[in-house]
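In what follows, a single structure is set out as structure tokens and then discussed.
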Amino acid sequence: HGGLGQFNEAIAVYERVLALKPDHAEACHNLATALLQMSRPDEALVYYQRAFSLNPQNKTAQHLIASLQGETIPE
């Protein structure tokens, strides 16, 4: 899986953005997505919740929060 390095890199970039601008909704969402791709759903949930609280119009985040809270995603 050559793509995993890209996700690790993306996670680092979004974490840097959020360190400077914690209320950056898009960076929260993108970080959550990268974490989910890396099989880190608990961490992803935290950032999807933050993204949704910053942007309640984010239906994708809302759906993923419900999915992550309500059911386990099979590996």
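The values are calculated or read from the model by the stated rules, or taken from the named source; none is laboratory data. Quantities reported herein were computed from a predicted structural model and do not represent experimental measurements. For neighbour counting, all protein chains shown are included, and Cβ atoms are generated from backbone atoms with ideal geometry for every residue, glycine included. Surface areas here come from the heavy atoms of the whole protein model, side chains and all, with no ligands, DNA or RNA. Shrake-Rupley method; radii C 1.70, N 1.55, O 1.52, S 1.80 Å.
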Segment Ala12-His63, length gained on full extension (0.36 nm per residue, minus Cα span): 15.9 nm
With every protein chain left in place, what is the accessible area per residue of the chain in square angstrom, probe 1.4 Å? 67
May I ask you to give the percent of accessible area on the chain that is carbon plus sulfur, with a probe radius of 1.4 Å? 53
Size of charge dipole - the chain - debye, nearest 20, with Cβ of Lys, Arg +1 and Asp, Glu -1, no other charges: 200
Anisotropy class of the chain from Cα gyration tensor, a/c 1.5 cut: oblate
So which GluC sites (Glu not before Pro) in the stretch 1-44 pass both tests, a DSSP loop state and at most 15 other Cβ atoms within 10 Å of the Cβ? none
Sequence gap at least 6, Cα distance under 8 Å: using those rules, report the relative contact order of the stretch 7-75 to the nearest whole percent. 26
